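J.: One structure, pasted below without further comment.
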Amino acid sequence: MAVTLMLFVKVLTVHTSARVKQALKAMDITVKTLMSVTWSLTVVVCTNATTYPATTVARVMMGSIWRTDGHNCLDVDECKFNNGGCQHICVNTMGSYECRCKDGFFLSDNQHTCIHRSVEGLSCMNKEHGCAHICKETPKGGVACECRPGFELARNQRDCILTCNHGNGGCQHTCEDTENGPICRCHLRYTLQPDKRSCVERDEASTDTSEHNSTSFTEVDKRVKRRLLMETCAVNNGGCDCTCKDTSTGVRCSCPVGFTLQPDGKTCKDIDECELHNGGCEHFCRNTIGSFECNCRKGFKLLTDERSCQDIDECFFERTCDHTCVNSPGGFQCLCNKGYTLYGLAHCGDINECSVNNGGCEHGCENSVGGFECFCHPGYKLHWNKKDCIEAQGLPPANPHSKPTLNCSKQEGGDRCFLTCQSQVHISSGMEDSYTVTCGMPLPCLADTQRNNSGLSCLGSEKATVPRIKTTATFKSGTSKCNLKRSHENLKQSLNWALSDSKFFFTENVQFSYVRLRCTSSGQKMRSRHGRKAGEEDGSSIMAEFELDVNLEEVTAESCDLSCVRRRSEKRLRKTIRTLRKSINREQFHLHFAGSDYELGKSQSQPAELPGHCVTGQVLIGRKCVSCGAGTHYDGDQGRCVLCPAGTYQDEEGQMSCEVCPGPEGREVSKVVGARNMSECGGQCSPGQHSRDGFVPCSLCPLGTYQPEVGRTTCFPCGGNLVTKRIGAVTFQECETKVQCSPGHYYDTSTHRCIRCPTGTYQGEFGQNYCVACPGNTTTDFDGSTNIMQCKNRQCGGELGDFTGYIESPNYPGNYPANVECTWTINPPPKRRILIVVPEIYLPIEDECGDYLVMRKSSLSNSVTTYETCQTYERPIAFTSRSKRLWIQFRSNEGNSGKGFQVPYVTYDEDYQELIEDIVRDGRLYASENHQEILKDKKLMKALFDVLAHPQNFFNYTAQESREMFPKSFIRFLRSKVLRFLRP
């Protein structure tokens with residue numbers, strides 16, 4: 001069994017019969033060996049069993065088990081196991097089974113699922129079409145009848161004639177095809193019954209009596225006694241159900257594994273292994289005839305011992321979650337980055353903070369991706385709390401932030417640059433060998449700003465007269481990896497010495513307003529699934545973004561106006577970037593922020609990192625890298641996380657420094673250590689209070705106003721002449737409204753009525769005066785929504801590739817939106833066919849097939865249909881496309897909604913069409929729950945598709961990996977199919 005997958009690959013790489021023989025010869029497998037293997041797989045051999053021609057056995061054994069008297073076959077009821085893989089009705093037949101559909105449905109080409117359609121314009125839905133089995137619409141609008149496998153179309157092109165290829169023609173022993181259908185015959189010593197199908201053994205006693213009427217009853221009795229005394233395994237297998245052995249005291253019967261001998265000493269009874277210790281199964285045990293099967297709970301997979309269960313790592317696929325995926329036993333959880341919120345169970349959308357009480361801004365609010373900005377009207381500027389506005393001539397911000405400064409100098413070895421950043425430093429670590437560093441504050445182009453013609457500058461409301469230049473550049477960093485490291489050199493002393501030395505010459509000295517550096521290792525994206533590199537050159541690239549304010553002091557009315565100064569600044573910036581490029585290429589670029597010096601990367605020529613090295617901002621605890629939490633920062637000298645000192649705070653994880661707390665001028669703030677946000681710095685007004693500068697002493701908000709935040713200079717009015725129940729109100733809910741609005745509504749202070757939240761917004765709380773905007777590019781189906789999960793992405797999902805791909809309903813795995821229509825077209829390369837797997841699909845049937853998924857040759861309604869459904873179907877199904885090109889449509893109406901679907905596909909060489917169809921049309925592929933879980937396991941399906949699309953990829957998997965991927969029953973099933981395909 002260990003060579004099953006290798007054998008499967010060998011099949012897929014062979015295109016001609018000559019190459020088949022060559023592949024078999026290479027594996028030392030001869031046709032004779034294959035036949036013997038097939039025989040052993042097909043026939044359950046019992047002692048002294050009579051052998052029959054292989055063709056007869058093969059026909060009988062397709063859906064039967066060999067009865068252990070050596071002559072008779074007992075039919076297996078496939079419908080007992082998981083409904084035979086049928087979507088609606090399973091009907092057992094002699095040696096086989098067939099699927100049927102309920103009224104209003106007809107059987108699809110895959111012989112397992114059922115198609116529902118409106119009666120209008122479809123002649124196959126007319127009960128008078130006359131087809132005995134399958135009705136197909138022709139391109140010209142008529143009908144064409146087809147028969148199920150094992151049947152032939154009659155001369156009238158409507159009826160179907162049974163053949164011996166279907167369940168041995170219903171015969172218990174041998175079957176012979178004739179013009180009028182199959183004729184059944186029996187083996188020697190057996191007589192055909194009146195039903196013309198089953199056989200019974202002839203009674204020797206009655207035969208003798210009829211032929212010799214003169215024989216007396218006494219003689220018959222003697223003959224019977226003598227027969228009993230002479231009982232032997234050579235006659236009727238000694239009466240044993242299975243194994244018979246002759247002994248000195250008579251015959252001795254025994255049973256195969258999974259059965260126990262009954263008190264009569266002849267018959268065998270199935271053992272229910274699940275009764276004792278749950279069959280040794282870790283989760284669930286299901287008894288079968290002669291054996292049993294272990295199953296696992298949802299979110300787990302069965303291991304190769306077919307007893308134990310292992311958690312499925314859903315986070316194995318990058319597209320499981322938009323941002324961060326956290327695996328857990330039996331499930332997983334998706335988390336979003338700061339400034340984003342979760343919708344659709346797995347997706348992250350930008351939070352529109354401005355939709356919630358204007359973002360808390362006193363004047364204007366502008367949303368941005370991952371954050372937002374407050375801005376003030378002309379004549380005002382932002383307070384230190386970044387939300388209130390104060391007069392431009394009033395109090396300045398308590399602690400103005402210093403700008404990031406770039407200094408470059410000519411030293412031995414070329415240009416050497418230092419980027420100094422004292423505040424507003426932010427570090428975020430991405431995947432392995434990547435990180436992002438920002439310093440300063442970017443200036444967004446707000447609603448009331450102006451752009452110049454070049455689009456380089458942005459006039460913000462804070463600096464309405466100061467243009468800003470914005471540019472980006474990409475740098476290559478030699479052979480170093482992205483790994484922000486504390487510098488071993490004392491760069492700070494070197495920098496201070498350079499500043500104090502009058503002879504020291506700076507080639508560049510630029511003060512930016514905002515700098516963003518994102519470092520990505522070159523080899524990071526090129527790693528294979530086994531972690532091996534694909535031969536790429538190691539190194540890293542740095543994407544830099546700079547924002548620079550134009551120095552208005554350089555503007556002169558006579559020689560150089562504002563446009564002239566801007567051009568000069570842009571020219572100097574380009575020169576600075578050229579110098580910086582040389583510095584980074586030579587690995588002579590360093591960061592100096594928060595009192596520490598860092599290198600962008602660590603060259604491979606330097607000593608290797610110690611085992612267990614963590615990324616920037618993380619510390620090793622045990623064997624796990626943990627980010628420094630809020631209220632702390634990573635100290636490179638001590639190699640650990642330390643609390644933010646008094647007068648500073650840090651509201652994010654994994655940072656290398658802390659931000660300076662705001663404070664009232666002329667007064668000391670309280671000495672709070674480890675502050676996790678600005679409000680914990682101390683000395684600020686509490687919610688429900690305000691003061692001139694946001695610090696104590698504070699006053700309570702007067703009646704008719706409220707304040708939910710700390711450190712504010714004003715309170716929000718209730719509006720509409722509403723008053724509050726008390727002074728110092730904290731929320732709008734304390735305003736005495738005329739009615740209490742329920743979720744899905746907001747209070748309109750002008751009309752004093754509850755208004756339903758408009759489409760694209762929601763409100764989940766009582767008594768609010770606003771609705772929350774849906775995140776990102778999502779919207780709601782209707783107005784009055786009460787939950788963020790009602791916000792849905794309407795974009796049709798999927799990735800269509802030549803070899804592999806997938807389609808998915810909008811907003812999957814969340815519920816799909818109403819009134820949406822999606823179409824996909826799969827066009828495989830020449831000489832390739834399409835295999836589709838539907839792991840599960842959730843479409844509500846309450847709205848009479850208002851939501852449906854259909855796959856057919858083209859958009860024409862009368863084209864060949866491969867698959868169609870309008871209902872929930874949790875059991876997987878695999879099928880091949882009847883056409884080389886596949887047109888897929890999904891449509892929903894305004895009624896109910898559901899989870900929808902994610903359907904993968906693979907294209908394969910058309911030479912293997914017969915093999916693939918033989919696999920996917922066999923009900924045994926779906927009968928076992930363990931087989932069903934394989935079709936739902938994304939990791940396993942990726943491996944199977946990987947090999948089907950490109951057979952040479954099999955060699956990317958070791959023999960051990962191949963054995964551990966699938967249960968033995970699935971490997972046996974595949975192996976029998978492959979051997980049959982190879983049979984000459």
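The values are calculated or read from the model by the stated rules, or taken from the named source; none is laboratory data. Computed from a predicted structure; not experimentally measured. Cβ sites come from the backbone with ideal geometry, for glycine too, and all protein chains shown count toward neighbours. Accessible surface is based on the protein model in full, side chains and every heavy atom, while ligands, DNA and RNA are left aside. Shrake-Rupley method; radii C 1.70, N 1.55, O 1.52, S 1.80 Å.
J.: Between their Cα atoms, which of K624/K792; K738/K899; K386/K671; K386/K624; K476/K938; K266/K977 are more than 32 Å away from each other?
T.: Flagged as over cut-off: K624/K792; K738/K899; K386/K624; K476/K938; K266/K977.
J.: In addition: At 1.4 Å probe size, with the rest of the protein present, what percent of the exposed accessible area of segment 704-807 is carbon and sulfur atoms?
T.: Working: 2420 of 4910 Å².
Taking all protein chains in place, segment 704-807 shows 49 percent carbon and sulfur surface.
J.: Give the distance, in whole Å, between the Cα centre of segment 264-324 and the Cα centre of segment 547-588.
T.: Between the Cα centres of segment 264-324 and segment 547-588 lies a distance of 68 Å.
J.: Around T472, under 11 Å between beta carbons, what's the net of Lys plus Arg minus Asp minus Glu among the other residues?
T.: Combined, the nearby Lys, Arg, Asp and Glu give +1.
J.: Scan around F593 for amide H atoms under 5 Å from its own, H built in the peptide plane at 1.01 Å from N, and keep only partners 5 or more places away or cross-chain.
T.: C421, Y598
J.: What is the Å³ per residue value for the convex hull set by the Cα atoms of segment 618-660? Present the calculation step by step, with values, prior to reporting the outcome.
T.: Values: hull volume 2.4 nm³, N = 43.
So the per-residue Cα hull volume is 57 Å³.
J.: Right, here's the next one. I'd like to know which of F954, N930, W887 lies farthest towards the positive end of the charge dipole of segment 860-984, counting +1 on Cβ of Lys and Arg and -1 on Cβ of Asp and Glu.
T.: The residue sitting farthest along the positive end of the dipole is N930.
J.: A follow-up question, please. In segment 323-397, if every C-alpha pair distance is counted and binned at 10 Å from zero, what percent goes to each bin?
T.: Distribution as computed: 19, 33, 23, 15, 8, 2, 0 percent.
J.: Quick check for you: with a 1.4 Å probe and neighbouring chains kept, what is the accessible area per residue of segment 739-790, in Å²?
T.: 47 Å²
J.: May I ask you to rank D415, D783, D637 by accessible area, largest first, using a 1.4 Å probe over the protein chains only? Working shown, then result.
T.: Details: D415 10, D783 65, D637 125 Å².
The ranking, largest first, comes out as D637, D783, D415.
J.: Consider just the alpha-carbon atoms of segment 794-982 and return their Rg together with their Dmax, both in angstrom.
T.: 17.0, 52
J.: Just report the Cα centroid separation between segment 827-865 and segment 938-954, whole Å.
T.: 23 Å
J.: What's the center-to-center distance, using Cα atoms, between segment 144-203 and segment 328-363 in Å?
T.: 65 Å
J.: Just to verify a number: what accessible area does H377 come out at with the full protein assembly present, 1.4 Å probe, Å² rounded to tens?
T.: 100 Å²
J.: Quick one: what are the phi-derived ³J(HN,Hα) couplings along segment 870-884, Karplus 6.51/-1.76/1.60 with θ = phi - 60°, whole Hz, x for glycine and proline?
T.: Taking θ as phi minus 60°, the curve returns 9, 9, 6, 9, 7, 8, x, 8, 10, 7, 9, 6, 6, 10, 6 Hz for segment 870-884.
J.: When a/c reaches 1.5 or more, the comparison of a/b and b/c decides; with that in mind, is segment 697-834 rounded, prolate or oblate per its Cα gyration tensor? Don't jump to the answer; show the numbers that get you there.
T.: On the way: a/c = 5.49, a/b = 2.97, b/c = 1.85.
It comes out prolate by the Cα gyration axes.
J.: OK, next. Could you pull out every residue, at least 5 positions away or on a different chain, whose amide H is within less than 5 Å of the one on T749? Hs are placed 1.01 Å off N in the peptide plane, and Pro or chain starts have none.
T.: Sorted by chain and number, the residues that satisfy this come to none at all.
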